[in-house]
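Read the figures in this text as sums done on the coordinates, not as results from a lab. What you are looking at is a predicted structure, and each value in this text was computed from that prediction instead of being measured. Every residue, glycine among them, receives a Cβ derived from its backbone with ideal geometry; neighbour counts consider all protein chains shown.
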């Protein structure tokens, strides 16, 4: 017999893509425990993507990056005091498995669950938990996220449940889009240069598809690259400047998203929108492939335990392959 669980805290501090790939667990938990309250602890910068989520009772933020950058003892003390003041949880689950997230988990409650020492890159994190899960680090990240939650709460999460998921995030804004064409979004940025598909090839994909292609940008450098693509393709347009919650809504209105291995690209899978993820120094471990969500990987071999950030093989992915797969996905939606 399962112990009654009334209140859960999920610790997933960063980064955007990891939060996107973790948030599926909310609907799965609620199906098993309809009356449970779920709080989420995250870095301040990522809170906007969670703020409107109907399955969360509260979002609590920390600014660990600010503490580290400014070496602020007062901010550290305030953060610890804030976390200690939260209502006691029946269980606190660390979905990140890093020392910083494990420390936050330790402050939050007595009953703490996370990955064991063989299941994460920072094995010392396991010392902060009262119970642990052994889940291969090499396992698909979405399956890992679901597995640690299922183990902590003692219920089953299978592939069918993941495949039949509802859109993960609410759509809070509408956009005026063209109705006589397919609307395609391109995510051209990424955290590392070696994860970025060349802008020259993005422009070629746009021209070959001959559909309305919106180039999504975040930083000023990305905006400049996006503008270059728009100037060199008859079918590319600059996407508007978007906040995190607006980005979710924008992507939710697309017929297809194509992008590098980064948070905004993962949003398409989260929202049940067809997508193509371009992979060079990373692998399809980072995505959950479905008939409408696929990855195109370069020919390089990847050791996920020691990622080579100097692997620029993504540039060798033929743009013709992307065009072919794009047309297949678009036609499947007819």
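Each peptide in 129-139, 241-251 was scored by the mean count of other Cβ atoms within 10 Å over its residues; highest first, the order is 241-251, 129-139. Exposure proxy shown here: for 317, 99, 49, the number of other Cβ atoms within 10 Å sets the order, fewest to most, as 99, 317, 49. Residue separation of residue 307 and residue 332 scaled by 0.36 nm, minus their Cα-Cα distance, works out to 5.6 nm of gained length. Summary value for the chain: 15 percent relative contact order, contacts being C-alpha pairs under 8 angstrom separated by 6+ residues.
Taking other Cβ atoms within 10 Å as a rough exposure proxy, 261, 159 sort from fewest to most as 159, 261. You can think of it this way: the chain between residue 316 and residue 158 has 53.4 nm of extra reach, that is 0.36 nm per residue less the Cα-Cα gap. The protection proxy used here, the mean number of other Cβ atoms lying within 10 Å of each residue, ranks peptides 293-302, 184-193 as follows, highest first: 184-193, 293-302. How large is log10 I(q)/I(0) at q = 0.11, 0.13, 0.16, 0.20 Å⁻¹ when the Debye formula is applied to the Cα atoms of segment 106-182, each weighted equally and without solvent? One equal scatterer on each Cα of segment 106-182 leads to -0.46, -0.57, -0.72, -0.94.
Inter-label distance, residue 290 to residue 172: 2.3 nm, where each label sits 7 Å from its Cα along the C-beta direction. Here the extension length gained between residue 68 and residue 45 equals 6.8 nm, from 0.36 nm per residue of separation less the Cα-Cα distance. Averaging sequence separations of C-alpha pairs under 8 Å and six or more residues apart, then dividing by the length of segment 7-163, give the relative contact order as a whole percent. Averaging sequence separation for qualifying contacts and normalising by length gives 22 percent for segment 7-163. Modelled label positions at residue 57 and residue 84, each set 7 Å beyond Cα in the direction of Cβ, lie 2.2 nm from each other.
Computed over the chain with a Gaussian network model linking Cα atoms closer than 10 Å, the most mobile of 160, 222, 200 is 160. Report note on the peptides 60-67, 86-93, 308-315: ranked by the mean count of other C-beta atoms within 10 Å, highest first, their order is 86-93, 60-67, 308-315. Does segment 183-332 come out rounded, prolate or oblate by the C-alpha gyration tensor, with a ≥ b ≥ c the root eigenvalues, rounded set by a/c under 1.5 and, if not, prolate when a/b is larger than b/c and oblate if not? The shape class here is rounded. Between residue 179 and residue 200, the distance separating the two model label sites (each 7 Å from Cα on the Cα→Cβ line) works out to 4.1 nm. DSSP assigns beta bridges within segment 183-332; of those with both partners inside it, close to 5 percent run antiparallel.
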